[in-house]
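Participant: Below is a structure I'd like to ask you about.
Throughout, read-outs are computed from the coordinates displayed, never taken from laboratory work. Every value quoted in this text rests on a predicted model; they were computed, and no experiment measured them. Neighbour counts run over all protein chains shown; Cβ positions are idealised from the backbone, glycine included.
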Amino acid sequence: MTQTATIQIVKVEDREGNGECSACGRTGLRWTVIVSDGTAVGTECSKKILGIKISPRDYQWTRDYQPVDERISDGGNHEVLWQHKTRNLTALSVNGTLTLVGGARKEWTQ
């Protein structure tokens, strides 16, 4: 019996119209979902690939941030540290979900 790894969301990226969906081949996408196997899928294909629909309210906050570091926690969660593009403000997401805004760098180093 072969075990398959669970695919998780790592982050949603703003590709500014340069994104490509590995599931359907569409190009010119603004928003892509980066999954734990390293592929990028369009938000419209996320339900088919991940079993959940990603809506704009789930990722709109990322337009003001850029990822600065990523890691996999001891529990197997994908964590991303984000830096605001114009302010001294950090955020933390776990498996693509925003979990902390402000003070994330301190939490990251602990």
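Participant: Would you be able to say whether some residue in region 90-104 is assigned to a loop (DSSP other than H, G, I, E, B), of a type outside the set (Lys, Arg) and either in contact with a Cys (Cβ under 7 Å, 6 or more places away or on another chain) or over 18 Å from TRP31 (Cα atoms) (or both)? Give the derivation first.
Facilitator: Going residue by residue through region 90-104, those that are assigned to a loop (DSSP other than H, G, I, E, B) are 95-96, 102-103.
Those left that are additionally of a type outside the set (Lys, Arg): 95-96, 102-103.
Pick out the ones that are also either in contact with a Cys (Cβ under 7 Å, 6 or more places away or on another chain) or over 18 Å from TRP31 (Cα atoms) (or both) and you get 102-103.
Checked against the condition, which is being assigned to a loop (DSSP other than H, G, I, E, B), of a type outside the set (Lys, Arg) and either in contact with a Cys (Cβ under 7 Å, 6 or more places away or on another chain) or over 18 Å from TRP31 (Cα atoms) (or both), region 90-104 yields at least one hit.
Participant: Identify the residue in region 85-110 that is of a type in the set (S, T, N, Q) and surrounded by 12 or more Cβ atoms within 10 Å (Cβ to Cβ) and, among all such residues, is nearest to VAL10 (Cα to Cα).
Facilitator: Here is the first cut: in region 85-110, the residues of a type in the set (S, T, N, Q) are 86, 88, 90, 93, 95, 97, 99, 109-110.
Restricting the remaining residues to those that are surrounded by 12 or more Cβ atoms within 10 Å (Cβ to Cβ) gives 90, 93, 95, 97, 99.
Details: THR90: 17, SER93: 8, ASN95: 5, THR97: 9, THR99: 13 Å.
So, considering only residues that are of a type in the set (S, T, N, Q) and surrounded by 12 or more Cβ atoms within 10 Å (Cβ to Cβ), the one nearest to VAL10 (Cα to Cα) is ASN95.
Participant: Here's another thing I want to ask about it. In the set TRP31, TRP82, which member is among the aromatic types (Phe, Trp, Tyr), closer than 14 Å to ILE9 by Cβ and either without any contact (Cβ under 8 Å) to a residue 12 or more places away in the chain or surrounded by 11 or more Cβ atoms within 10 Å (Cβ to Cβ) (or both)?
Facilitator: The match here is TRP31.
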